[in-house]
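Below is one structure; the comments refer to it alone.
Values quoted throughout were computed directly from the atomic coordinates according to the rules given, and no laboratory measurement underlies them. Computed from a predicted structure; not experimentally measured. No Cβ is skipped: glycine too gets one built from the backbone with ideal geometry, and neighbour counts run over all protein chains shown.
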Ligand SMILES: C[S@@+](CC[C@H](N)C(=O)[O-])C[C@H]1O[C@@H](n2cnc3c(N)ncnc32)[C@H](O)[C@@H]1O
C-alpha cells in the first residue's frame, strides 16, 4: 500500500499512547530476540529496542516508503527488513505488533500461526485499532458505496478484520498461553476540528481506498468525506475517542 510516513506521523503523540500500555504487558528479560510486525516508520521499534537492553530487535514491514523512514533508526541491535507479517520465519522471544495486524485477514488463523513462531517462554504482545464502528470509519464505507466511487472501486470494500476482544483471549487460551491479558481501551484524543479527523484517517484507514480510486477521484472523494465530517462534528475542538484492543500471552 502507498503509505505516507509524514502523513502518518502527524498524530504520532496520539498514535503512540497505546505503545506505553503495550510495553507494560511484556516481561523484560536480557538478550531477547524480538520482532516488531508492521513496524511502519520505525520510531516505536526504536523505543521498543530502548526498553529491552541487550535484545536484538527486527522491525518488518511491507511498505517501501515506511521502511525507508524506518532505516534511519537502524543501529547495532536494531534492524529493519521487508517482510510480510503473515510469513515470518525464525523463533522469537517476543513477537510485538502495534497497530498493524488489522491489515491482515483471518486472525483466527493468524494468531496461532504467530504463536508457532514463539520460542519457549516467548511472549506475544499486540495492539489493534478497533474503531471500525466509529463515524470516521463507517462514513468512508458508505461514501465508497455511492456513485461514482462504487463503480470505480468495482464493488471493493474493506471488511473489518478485528475480532471481539474476548475472542483474542480465547484464541490465546487455545494456543496454550499463560498470563493471558486482553482488554479494550478508549484513548481520548482532542483534535482541532473535523478536518483534523480527515487528516488522521488519511494517514491510515483511507490508504487502501485512495489506492484503489483513480487519482482524479481522490479530491472529490475527500471533499465529500470532509463535508460529512464537518456536518457530524461541528464543534471545535473535536473529541475523538479511539478504541483499541491490547492482548498478550506467554508460552509455557
Ligand atoms: C498504522 S501503521 C503502524 C506502524 C507502527 N507499528 C506504529 O505503530 O507506528 C501499520 C503498518 O503495517 C504495515 N503492514 C500492513 N500490512 C502488513 C503486512 N501484511 N505485513 C507487514 N506489514 C504490514 C503497513 O505498511 C504500515 O507500515
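Secondary structure note: in segment 50-138, about 10% of the DSSP beta bridges are antiparallel.
Short to long, the 5 Å bins of the Cα pair-distance histogram for segment 97-252 hold 2, 8, 17, 18, 15, 13, 11, 8, 6, 3, 1 percent of all pairs.
Our note on the geometry: Cα centres of segment 218-233 and segment 133-179, 21 Å apart. Once the Cα atoms are used to define both axes, helix 107-116 deviates from the longest principal axis of the chain by about 30 degrees. Computed from Cα positions, the angle between helix 215-232 and the longest principal axis of the chain comes to roughly 90 degrees. Reducing segment 77-97 and segment 19-69 to their Cα centroids gives an inter-centroid distance of 9 Å.
If the segment from residue 29 to residue 146 were pulled out straight at 0.36 nm per residue, it would be longer than the present Cα-Cα gap by 36.9 nm. Need one number: % antiparallel among DSSP beta bridges in segment 1-111, to the nearest 5. Percent antiparallel among DSSP bridges in segment 1-111 is about 5. The label point for residue 116 and the one for residue 173, both projected 7 Å from the Cα toward the Cβ, are 2.4 nm apart.
To check you understand DSSP bridge types, tell me what percent of the beta bridges within the chain (both residues inside) are antiparallel, rounded to 5. For the chain, the DSSP antiparallel bridge percentage is about 50. Once both axes come from the Cα atoms, what is the angle between helix 135-144 and the longest principal axis of the chain, in degrees from 0 to 90, rounded to 10? The angle comes out near 60 degrees. Here the contact order of the chain, divided by its residue count and restricted to Cα pairs under 8 Å and six or more residues apart, works out to 23 percent. For segment 4-151, the relative contact order works out to 22 percent when only alpha carbon pairs closer than 8 Å and six or more residues apart are counted. In this simple spin-label approximation, residue 10 and residue 87 carry label points 7 Å from Cα along the Cα→Cβ vector, and these lie 3.2 nm apart.
Placing a label point 7 Å from the Cα of residue 135 along the Cα-to-Cβ direction, the residues of segment 162-201 with a backbone N closer than 20 Å are 186-201.
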